[in-house]
Structures are given as C-alpha cells and as structure tokens.
Amino acid sequence: MKPFLIGLVLSLVNFSGRAQCPNTPVTLQSQADIDNFAVNYPNCTNLSAPLYIDEVDGVIDNLLGLSSVESAYLIKIQNTHIEHLNGLENLIFIQELWLNSNYSLIDFTGLDLISNIDLLNVIDNTALESANGLGSLSQISQLNFFDNTSLTDLTALSQITQLNGLRIAGNNLTTLDGLNNLVSVNGEIFVSNEQVINLDVFAGLNNLTASLFLWNNPELIDVSVFQDVTQLQDLVIVGCNQIQGFQGFENLTEVEGIFRLGFNPQMTDLTAFENLTRVGSLDIYENDNLVSLDGLEGLIEVTEAVYLMDNPNLTDIDALQSLNPQGLQQVVISRNTSLSACDNDFVCQVIFDPEISEEIQGNANGCNSVPQVAARCILEVPQAELLQTLDLWPSPANQRLNVMAGGALIRSLDIHNVQGELIDTVSYNADQSMSQAELNVSAYASGLYFISINTDQGLARSKFIKH
C-alpha cells in the first residue's frame, strides 16, 4: 500500500476511536436515551456541554448508560425514579451537579470516586436519607441541600474542609455532624428550617467573616460557637423560637451589611452585642418580649438604614443615643405599640436632617408621628451637664443672635423653621471652635425658629424668635 494511503487509513482509525462527546446541550428524556448514550457518543469521557436528564417519556430508574463519563461541566437530574447514582462510578470531577425532585433517590451511591465539585445542588428529593456516597468529596465551593425532608445524616461529608457557601434548609436535620472539619467558609452560612439545637460543628472555623443567616430554626438555642467572631458580612437571626440571648457574639464588633433580629419571641436580651460598633443596616422587628435595646449602647455607626418595627413591648430605645446618623438613608420606627418616648439625640438629629427619610407612626402617644417627636426634640432641656448654661440673646432677635454654650466648644449651628426645614447652618473647624458664637439672622423671615447646637460635649436644642 502506498504510504499516503497507509497514513489516510490510520487517520480514519484514530478519528473513529476518539471520544465523540456532544458539543451542545443534550436532554435525555427516557431510559432508552440513557442506555443509548454510549452508542450515540462513543468513548465520551469528558463532557463539556450541559447534560439534562428529565423523566418525560417513561420511567428512568438507572444511569448505567453514562458509565464512560469521567468529568463533566453540568449534569442536572430531575423527576426520575432512580434510587442511587450507579452509572456515575467513574465520575471524578464535575463543575455543577443538580439533583432535583427525584422522589426515589435514597443516597449518593455511585459517586464514590468523586472528589471535586464546584456546585452541588440537592433539592426536593423527599426520600433522600443521607449523604452516603460522597465520602471522597473533599473540594467543593458551594453546597446546597434544600427541602430533602427525609435527610437526617451528613456524616459522609467529613472530608470537606473549605467552602465558599453553605446553604442547608428544610431538611430533617437535628445535627450538622459531618461538617465538623470545616476550617473556612468565605461567602455565607445559611441554616433554615432545621431541628438543630446548636451549631457546634462550626467550632473549627478560623477567621469567619462570611454572612451568617439563621432562619426559622425552632429548636436552636445555643450560638456560643461564634465566640471568636469579630466581623461578619451579614448577621440575620429570624424566627428562632427558643433564642433568648445571643451569648457567643460578645466579641462581634462590625457587621458590614445587614444586622437583623426578627420573629424571635423569647428574645429579651441584646447585651451579647455590647462590643458592636458598626453595622450597615439595623433591622429589629416582631420580637414579642423585647423591652429595650440595652446592649447596643456601643453602636456608633449605621451606614444604610434603621428599622424598629412591630416590637409590641419595646419601651426604651435610648441605647441608640450615641448613634451617628451621618450617611443614613432611612429610619423607620413603626408599630411598637408600647413605645412612647423616642426623642433621643439620634432620632432628633434624624428628624431635622433633610437628607434622611424618616417614618414614625403606630407607636404609643409621644412617639406616634414625626411632628409629635419633633416637638419633643425641640422643647427638651439640653441633656449634657456642661450645657446647662446654654444661653441665647436677644430674643426676639433682629440682626444678630448670640449663642453661649457654657464651657463647651461649639462645632456647628443648625437652624430649622417650624416646618422642620433646615434653613441655615454654620460650621466651625477645630481651630475655630468657641464657646460663644454670633449668628446673622437679618435675612430670616419673622417667626419662630429652632436651633441645634453641636458641641464637643454633646448636642443641645433651643428656640428663638426673629422679629
């Protein structure tokens, strides 16, 4: 045979022997489709296109036709009658594996060799009892178990040490044993609608700064495992019926995003948060037995919003007295039916700041509307001891108003009209601060005005008349 013919024959032989994997998404809708996969795609080991398995045309009860696959981009298996994952025994790596609504699936047998998954989504497999079959899984980014109502056992996951995100919700777990060897979670921990009493499996986490969401866990009572946490992205504890205090968060100083406590009917105590100084959004709502915000006295900065809503026994929010409203976008104090006094320094500054949206309504008389609280803010006696000698003269004023703040140094003066609108402001830098200032009021219209005096020793408010 001529040399070029020999080369041509060898090329044809090599071509026919190469893997023939699909290069576009494929959906297998029947058992026959799965059984014929190796015929239609001979020697396919590296599956780079998405593979969807969806029982549409007859019962699918096994995956044996996929035994050649060793790695895959995405496999989504849903609505089948498979009990195990036999047929995927040779799969070592997959970027995304989705198991949705396979109501006969019991465990993960068949995935015993798999060590690396980027995303594992296990959703609504109501017969799934355990994570058995995932014992070799050691590298994974996102792990999600949702609404697998028979799932009680995660112990097979003991090889996992690092995660970006962990979402466990609506299963039947009384313990998260199996995740004990986690040392790092970078993105979020989300535990919801489980029967866990504590979260001690997270004791080995180092430098946790992720978001922590604990949502509707009716038996959860102990969060002491987080005693070494100093910073979080978000902290949301909602619907945890047994939570009274939050011992375990004593060293938490900063929550970059949402700090939310809601629907915790036994919650009475926030003192565990005594070292918290900064949050993005403060959201405290629907806590039936919360009487005060004591424990939040150290909070000095909220960068986005404050929501205090529907806490029926809340009577005291003075813990927010030192909170700096600068940069805030919104404050809502609503439907706290026992709250009659909310005219502390923080709330008063918010009311007279035109840059902040405020809503105050549905509380007890005295804190039932913005005008009602504004009136109390205006008429209150200055609270800082060294401002007791505050003096304004002459009154009525015509051209000039003199302001004396005793031994305090005046940093700024804000003037509001009776509608609460800021009409004038005067600021002094550190070198200019003085205990007596003169304000030019000659251009003001005749009437009543309110003045806020910010000093190095506190905030004072008073009123004067322009003639």
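In region 246-266, the condition of being hydrophobic (A, V, I, L, M, F, W, C) and under 27 Å from I378 (Cα atoms) is met by no residue.
Residues in region 182-231 that are hydroxyl-bearing (S, T, Y) and under 18 Å from Q242 (Cα atoms): S192, S224. Yes or no: Q372 modelled with pLDDT of 85 or more and either surrounded by fewer than 16 Cβ atoms within 10 Å (Cβ to Cβ) or not in a loop (DSSP other than H, G, I, E, B) (or both)? Here the answer is yes, as Q372 does meet what is asked.
In the list L74, L88, which residue meets the criterion of being in the same structural domain as S150 (by TED's automatic domain parsing), part of a strand (DSSP E or B), in contact (Cβ under 8 Å) with a residue 12 or more places away in the chain and crowded, with 16+ Cβ neighbours inside 10 Å? Write out each step before concluding.
On the way: L88 fails: part of a strand (DSSP E or B).
Only one candidate qualifies: L74.
Of all the listed residues (I60, I123, I34), the sole one being over 25 Å from D147 (Cβ atoms), among the hydrophobic types (A, V, I, L, M, F, W, C) and in contact (Cβ under 8 Å) with a residue 12 or more places away in the chain is I34. Scanning region 315-333 for residues that are in contact with an Asp or Glu (Cβ under 6 Å, 6 or more places away or on another chain) and closer than 20 Å to A272 by Cα, we see that the one that is surrounded by the fewest Cβ atoms within 10 Å (Cβ to Cβ) is Q321. Being at pLDDT below 95, in the same structural domain as G262 (by TED's automatic domain parsing) and touching a Ser or Thr at 6+ places or on another chain (Cβ under 7 Å) is the requirement here; does N206 meet it? Spelling it out, N206 is indeed at pLDDT below 95, in the same structural domain as G262 (by TED's automatic domain parsing) and touching a Ser or Thr at 6+ places or on another chain (Cβ under 7 Å).
Scanning region 398-416 for residues that are assigned to a strand (DSSP E or B), closer than 25 Å to D353 by Cβ and in contact (Cβ under 8 Å) with a residue 40 or more places away in the chain yields L401, V403, I410, R411, S412, L413, D414, H416. Residue count for region 298-314 under the criterion of being crowded, with 17+ Cβ neighbours inside 10 Å and farther than 14 Å from V279 by Cβ: the result is 4.
When region 181-192 is filtered for residues that are surrounded by 16 or more Cβ atoms within 10 Å (Cβ to Cβ) and part of a loop (DSSP other than H, G, I, E, B), only L182 remains. For region 444-463, the tally of residues that are over 13 Å from T425 (Cβ atoms) and of a type in the set (V, I, T) stands at 1.
What's the total number of residues in region 193-214 that are surrounded by fewer than 19 Cβ atoms within 10 Å (Cβ to Cβ) and in a strand (DSSP E or B)? The total comes to 1.
Show me the strands (runs of 3 or more DSSP E) found entirely inside region 233-311 where at least 2 residues are modelled with pLDDT of 95 or more and under 13 Å from the mean Cα position of the chain (by Cα).
Details: elements: 235-238, 254-262, 278-285, 301-309.
So the answer is 235-238, 254-262, 278-285.
Considering (1) loosely packed, with under 15 Cβ neighbours inside 10 Å; (2) within 15 Å of N398 (Cα to Cα), say which one Y449 fails and leave the rest. Y449 satisfies all of (1) loosely packed, with under 15 Cβ neighbours inside 10 Å; (2) within 15 Å of N398 (Cα to Cα) except (1).
The values are calculated or read from the model by the stated rules, or taken from the named source; none is laboratory data. On a predicted model such as this, the values are computed, not experimentally measured, just so you know. Using ideal geometry, Cβ is built from the backbone for each residue, glycine included, and neighbour counts are taken over all protein chains shown.
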